[in-house]
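Structure first, then comments.
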Amino acid sequence: MTSTTQTTSKVMDSIEAHFDDSVARLQAILRVPSISTDPAHVDDVRAAAEWFGREFEHLGFSCEVVDTPGHPMVFAERKAPSDDAPTVLYYGHYDVQPADPLDQWNSPPFDPVIVDDANGGRIVARGAVDDKGQVMTFIEAFRAWIDATGDIPVGVKVMLEGEEESGSESLEGFLDAFKDRLAADVCVVSDTGMWNAETPAITTMLRGMVYLEAEVRGPGHDLHSGMYGGAIANPANVLSRIIGSLHRDDGSVAVPHFYDGVADPPQRILDQWRDLGFDEASFLSSAEISTATGGETGRTILERTWSRPTIDVNGIHGGYTGAGAKTIIPATCSAKISCRLVPGQDPERIEASLKAFIEAAIPEGCSVKFVSHGANPAVVVPADSPWLAAATAGLAEAYDTPAAIIGSGGSIPAVGDIQSKLGIDALLVGFGLDDDRVHSPNEKFDLRCLRGGIRSHAGMIGAFADRPRH
Ligand code: BES
Ligand code: MN
Ligand code: MN
């Protein structure tokens, strides 16, 4: 019988021997523009789901591309080799954010290119790291286990979502319908970041989100601003004033009840964050700005991004935005507003408070219409579970530096639903870097992260197999 160490090294050898093929497969799926928020891409989103379905079939999984009221869900399954092997549910998303602004890309967003650099090269395309490249880290690890040993030593289930970037509207219905088939011992998610390129990370906190679009309407049509300006309320002025009143001078949010239920993390967590040795200079350089003046004064960047709630305007639209000057009072103006939530905040109540705050500031004659783009709570996963210990051991097969336990400012709506609806704890192990330009032009995934991610998943599979169920 071969030892665990020998087996793992055979799997790692297979990863190295076939790494070029792994890169080529990632390039193939990056060519599919699966932008979930844009109805023009509905067929592309389905094509991406079917691409993944075929990959799982090649790997000997049983696989279904399941229709939902929105975009399809990919569900794949491979039975555990023995009754006492655990079953791991993997979650990721195959949809991507829109690629705009297109003119800021150095190469077409859906024509992935490998750019040589001092870090061993990177793959540039929309979805490179968020989340197609990260989904491929576990798929390639499955492939390597099968290639090197003929099997995967744990039961594997995979759920790939096509609506993560657009509010996960169909997810709850799918979880209800597939509850029994999704049963697993732990859920592994690769859609977060590393601490830095040498240090893998397990994320134990995600912020939640409330996303609201507010459209202010005034006059029935655009008006000459000389004839009417000064007499008729201007929706752009009204909305700007409201946006300006969302925050106090100290950066805190002025919406009543916004901080209800919000507490500071315990001192031991704050101490642990301090000991991580946050590299502020590299954080600022990844944002191409010289200082971080957003949010509440008197709090560190990690506190402000990991444990404090925010309100941000994502876009404002209204009136004349073309070249040159045009003098009008616009008929409408709208803003896309998102709140990042932390534990203790109830998404429904935050949404209601924000609506009430905006409505109270609409003058007579004007009106406001809201469109809601989703509401989900913050997520905390246990930092002391045996699965987390196994993941840490698995990561040590791929990285010399031990995994950091971190928070994250981002949101993954599915994680909360998987916890509450399926009763399965999540393990958030991601391989992105701060400078990956997630959601931005020239999004990239370092090849060293792709490789480290595949090796990490291979190591984690071995470590999970060593911890039998119950
Ligand atoms: N992968 C991200 C979330 C993320 C980003 C986690 C960075 C950790 C670090 C995910 O795809 C995402 O962008 N989520 C959206 C959720 C929203 C559309 C409901 C987000 O956070 O804005
Ligand atoms: Mn993502
Ligand atoms: Mn994203």
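The values are calculated or read from the model by the stated rules, or taken from the named source; none is laboratory data. Predicted model, so just to flag it, every value in this text is computed and none were measured. Please note: Cβ atoms are built from the backbone with ideal geometry, for glycine as well, and neighbour counts cover all protein chains shown. Just so you know, the surface numbers come from the protein's heavy atoms only, side chains and all, with ligands and any DNA or RNA stripped out. Shrake-Rupley method; radii C 1.70, N 1.55, O 1.52, S 1.80 Å.
With a 1.4 Å probe and every protein chain kept in, tell me what percent of the accessible surface of the chain is carbon plus sulfur. Could you put the intermediate results ahead of the total?
Working: 10120 of 20660 Å².
About 49 percent, which is the carbon plus sulfur part of the accessible surface.
A simple charge model with +1 on the Cβ of Lys and Arg, -1 on the Cβ of Asp and Glu and nothing else charged puts the dipole of the chain at about 560 debye relative to its Cα centre. Between the residues G127, H71, V210, the greatest Cα displacement towards the positive end of the dipole of the chain, with unit charges on the Cβ of Lys, Arg, Asp and Glu, is found for V210. Principal-axis analysis of the Cα atoms of the chain puts helix 4-17 at an angle of about 60° to the longest axis. The value for the range 212-325 of Rg(Cα) / (2.2 N^0.38 Å) is 1.50. Per-residue 3J(HN,Hα) values for the range 281-296, derived from phi via the Karplus relation 6.51 cos²θ - 1.76 cosθ + 1.60 with θ = phi - 60°, read 4, 6, 4, 5, 5, 5, 9, 6, 8, 8, 7, 10, 9, x, x, 7 Hz in sequence order (x marks Gly and Pro).
With θ taken as phi - 60° and the Karplus curve 6.51 cos²θ - 1.76 cosθ + 1.60 applied, the whole-hertz 3J(HN,Hα) list for the range 209-217 is 8, 10, 10, 10, 10, 10, 10, 9, 10 Hz, x standing for glycine and proline.
How much accessible area per residue does the chain have, counting only protein heavy atoms and a probe of 1.4 Å, in square angstrom?
On the way: 20660 Å² over 470 residues.
Here the per-residue accessible area is 44 Å².
Dimensions of the chain along the principal axes, based on C-alpha atoms and rounded to the nearest Å, stand at 88, 48, 48, largest first. Using the Stokes-Einstein relation with a Kirkwood hydrodynamic radius computed over Cα pairs, the translational diffusion coefficient of the range 103-191 at 10 °C and a viscosity of 1.306 mPa s comes to 99 µm²/s.
Within a straight-line Cα-Cα reach of under 19 Å, K369 can be paired with the following lysines, leaving aside sequence neighbours fewer than 8 residues apart in one chain: K336, K355. Taking the longest Cα principal axis of the chain as reference, the axis of helix 447-465 is set at about 60 degrees.
Annotation: D222 carries an accessible surface of approximately 80 Å², with a 1.4 Å probe and no ligand, DNA or RNA atoms counted. All C-alpha to C-alpha distances of the range 1-118, sorted into 10 Å bins beginning at zero, yield P(r) values of 11, 30, 33, 19, 6, 1 percent in whole numbers. Angle of helix 235-244 to the longest C-alpha principal axis of the chain, folded into 0 to 90 degrees and rounded to 10: 60°.
Relative contact order for the range 189-269: what percent, with Cα pairs under 8 Å and sequence separation of 6 or more?
Working: 24 pairs, mean separation 11.8, N = 81.
Relative contact order comes out at 15 percent.
Of the beta bridges in the chain, as assigned by DSSP with both residues counted there, near 70 percent are antiparallel. Round to a whole angstrom and tell me the spacing of the C-alpha centers of the range 194-229 and the range 254-302. Answer, in whole Å: 20. Sequence-ordered 3J(HN,Hα) estimates for the range 326-341 from the Karplus curve with 6.51, -1.76 and 1.60 and θ = phi - 60° stand at 9, 9, 9, 9, x, 6, 9, 8, 9, 9, 9, 10, 10, 10, 8, 10 Hz, glycine and proline given as x.
Within the same chain, lysines fewer than 8 places from K444 are excluded, and of the rest, those with a Cα less than 22 Å from its Cα are K132. Restricting the calculation to alpha carbons of the range 47-115 gives Rg and Dmax of 16.8, 54 angstrom.
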